[in-house]
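Each remark here refers to the structure printed beneath this line.
The values are calculated or read from the model by the stated rules, or taken from the named source; none is laboratory data. Keep in mind that what you see is a predicted model, and the values were worked out from it rather than measured. Counting neighbours? That spans all protein chains shown, and the Cβs are built from the backbone with ideal geometry, glycine included.
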Amino acid sequence: MKRLILLVFFARVLTPLYGADAKLGADTLGRWVGGKWSGEGAMVNSDFSKGMTLSGVTTCVWSPDHIFVVCDQAVKANDKPGRQLSLYGYDPDTSKFHFFGLSPSEAKARTPELVISSDGNRWEYLNTEDIKGKRVRFRTVNIFHDADHVEWWADYSTDDGQHWTKMGGGEESRQH
């Protein structure tokens, strides 16, 4: 459950509604680069989340060859500190974006599907899990309101994306 909650918040968090547009490319990932991002939010009690407060500071940079965006995150869930590392990439052959989330306390990377709208303002992190014999879809949506402000929310669906139940939300702001 802890992994799922952190996935929802820190995967930025995880049925595509929007596909990558030919105009988008690796540079789209640079929206996170520059300055530190401070974020706050809260999760609610639901069938697949536990109520808690969330906060974090994220710093993102390009890899040396400008291929990946690497984000180092200091996070807190109910004031308990943690660390996350996020890695973003773009495959020009398939025009798809990729996300990998790592934590020192987890043996495997999180790899939700990352779908970015054609204008680059809506990012969706999507994954599906079988939980107690039920197929559950999770998504985290980030909306860039401008270059320095992002609103996010996380929700789940047990009917293949027809209806969504909110698990939490918050915002992030770039600190210059």
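Conditions tested, residue by residue: (1) surrounded by 14 or more Cβ atoms within 10 Å (Cβ to Cβ); (2) over 14 Å from the mean Cα position of the chain (by Cα); (3) within 15 Å of GLU172 (Cβ to Cβ).
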residue: LEU24; (1), (2), (3): yes, yes, no
residue: ASP27; (1), (2), (3): no, yes, no
residue: GLY51; (1), (2), (3): no, yes, no
residue: THR58; (1), (2), (3): yes, no, yes
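Among the numbered conditions (1) closer than 25 Å to HIS145 by Cβ; (2) modelled with pLDDT under 95, the only one that GLY56 does not meet is (2). Looking across segment 131-157 at every residue that is more than 20 Å from the chain's Cα centre (by Cα) and at negative phi, the one that is surrounded by the most Cβ atoms within 10 Å (Cβ to Cβ) is identified as ILE131. A residue that is at pLDDT 95 or above and assigned to a strand (DSSP E or B) cannot be found anywhere in segment 7-29. Out of everything in segment 73-103 that is touching a strand residue (DSSP E or B) at 6+ places or on another chain (Cβ under 6 Å) and farther than 22 Å from GLY168 by Cα, what residue ends up being surrounded by the most Cβ atoms within 10 Å (Cβ to Cβ)? Applying the filter and picking the extreme gives TYR88. Per the conditions (1) more than 19 Å from GLY34 (Cβ to Cβ); (2) in a strand (DSSP E or B); (3) under 18 Å from the mean Cα position of the chain (by Cα), the sole criterion not satisfied by ALA74 is (1). Taking (1) crowded, with 16+ Cβ neighbours inside 10 Å; (2) in contact with a Lys or Arg (Cβ under 9 Å, 6 or more places away or on another chain) in turn, SER117 satisfies each apart from (2). Among residues of segment 43-62 that are among the β-branched types (Val, Ile, Thr), those with a beta-carbon under 7 Å from a residue that is at pLDDT 95 or above and in a loop (DSSP other than H, G, I, E, B) at least six positions away or on a different chain give the pairs VAL44/GLY51; THR53/ASN78; VAL61/VAL33. May I ask you to say which residue of SER38, SER63, SER103 is at pLDDT 95 or above, among the small types (Gly, Ala, Ser) and in contact with a helix residue (DSSP H, G or I) (Cβ under 8 Å, 6 or more places away or on another chain)? Unique residue meeting the criteria: SER103.
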